[in-house]
1. If only one of B:105, B:58 is over 18 Å from the mean Cα position of the chain (by Cα), more than 18 Å from residue B:19 (Cβ to Cβ) and not β-branched (Val, Ile, Thr), which one is it?
2. Quick check on the range B:50-63. Is at least one of its residues within 12 Å of chain A (Cβ to nearest Cβ) and in contact (Cβ under 8 Å) with a residue 60 or more places away in the chain?
3. When you go through (1) more than 13 Å from the chain's Cα centre (by Cα); (2) buried (at least 17 other Cβ atoms within 10 Å of the Cβ); (3) under 30 Å from residue B:215 (Cα atoms); (4) not hydroxyl-bearing (Ser, Thr, Tyr) one by one for residue B:131, which number turns out not to apply?
4. Residue B:71 passes all but one of (1) away from every other protein chain (no Cβ under 14 Å); (2) free of Cβ contacts under 8 Å to residues at least 60 places away in the same chain; (3) surrounded by 15 or more Cβ atoms within 10 Å (Cβ to Cβ); which number fails?
5. Among the residues of the range B:91-125, what is the count of those that are in contact (Cβ under 8 Å) with a residue 60 or more places away in the chain and assigned to a loop (DSSP other than H, G, I, E, B)?
6. Quick check on this structure: which one of B:134, B:193, B:128, B:157 is under 20 Å from residue B:29 (Cβ atoms), more than 14 Å from every other protein chain (Cβ to nearest Cβ) and in contact (Cβ under 8 Å) with a residue 12 or more places away in the chain?
7. Anything in the range B:170-186 that is in contact (Cβ under 8 Å) with a residue 60 or more places away in the chain and either more than 10 Å from chain A (Cβ to nearest Cβ) or surrounded by fewer than 16 Cβ atoms within 10 Å (Cβ to Cβ) (or both)? List them, or say none.
8. What about residue B:56, is it modelled with pLDDT of 95 or more and either in a loop (DSSP other than H, G, I, E, B) or hydroxyl-bearing (Ser, Thr, Tyr) (or both)?
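The values are calculated or read from the model by the stated rules, or taken from the named source; none is laboratory data. Predicted model only: the values in this text are computed from it and were never measured. As a convention, Cβ positions derive from the backbone with ideal geometry for all residues, glycine included, and neighbour counts pool all protein chains shown.
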Amino acid sequence: AAGDNVKDEL
Amino acid sequence: MNAFRLAGDMTHLLSVVVLLLKIHTIKSCAGISLKTQELYALVFAARYLDLFIHFISLYNTVMKLVFLASSFSIVWYMRRHKIVRRTYDKDHDTFRHHFLVLPCLALALLINERFTFREVMWAFSIYLEAVAILPQLVLLQRTRNIDNLTGQYVFFLGAYRVLYILNWIYRYFTEPHFVHWISWVAGIVQTLLYADFFYYYIMSWKNNVKLELPA
């Protein structure tokens, strides 16, 4: 969702 | 996932494969900084604390496990393996890497996205990764004969950082809500550290001479 800022990078 | 991100992850993976190839197959870690490898192991341990809590994707989980396992096994090889450890250039790998850890932790306590344990550890891992290459770059400067695999290892690591910046630029325009200033600023600093190395690496490749960094 917008603004969720999930850390999906390694 | 965009092409820059995938290419970045693949060059990161490739750098690890090159290093493992050197260590596992040639049984040599000459020119490789144990200090840098220890910092990377710490970086991944701190960053992937949520590995078994937050599931993002199978790709994400597998890559995290690969980076954790490879970084710790490289440290193990360099410290404990009876043949590999003899090739470690201890006398030139003198960077006081412990002095990087505390400032990074202090910075993470001050500047983070949220003041929680996991977020502070995440910020800490980002700051530490930015400077973790320093002992390796110093060791390269002191190494008279940089072998091809070592040069390629550092080159792929640097390429991974450049591709991550392109990935952020792409994400900035395609996913406006996706903003991690901490990783962007630290990532740009990290990439700049490679600038000097890149210059000499490309020159040596262009002129077809052995890579050597001026002291």
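1. Working: B:105 fails: over 18 Å from the mean Cα position of the chain (by Cα).
Within the list B:105, B:58, the selection yields B:58.
2. yes
3. Condition (1) is where residue B:131 drops out.
4. With respect to (1) away from every other protein chain (no Cβ under 14 Å); (2) free of Cβ contacts under 8 Å to residues at least 60 places away in the same chain; (3) surrounded by 15 or more Cβ atoms within 10 Å (Cβ to Cβ), residue B:71 is out only on (1).
5. 6
6. Details: B:193 fails: under 20 Å from residue B:29 (Cβ atoms); B:128 fails: under 20 Å from residue B:29 (Cβ atoms); B:157 fails: more than 14 Å from every other protein chain (Cβ to nearest Cβ).
It is B:134.
7. Taking the range B:170-186 and keeping what is in contact (Cβ under 8 Å) with a residue 60 or more places away in the chain, we get B:170-171, B:174, B:180, B:182, B:186.
Of everything in the range B:170-186, those that are in contact (Cβ under 8 Å) with a residue 60 or more places away in the chain and either more than 10 Å from chain A (Cβ to nearest Cβ) or surrounded by fewer than 16 Cβ atoms within 10 Å (Cβ to Cβ) (or both) turn out to be B:170, B:174, B:182, B:186.
8. On the way: modelled with pLDDT of 95 or more: no; either in a loop (DSSP other than H, G, I, E, B) or hydroxyl-bearing (Ser, Thr, Tyr) (or both): yes.
Criteria not met by residue B:56.
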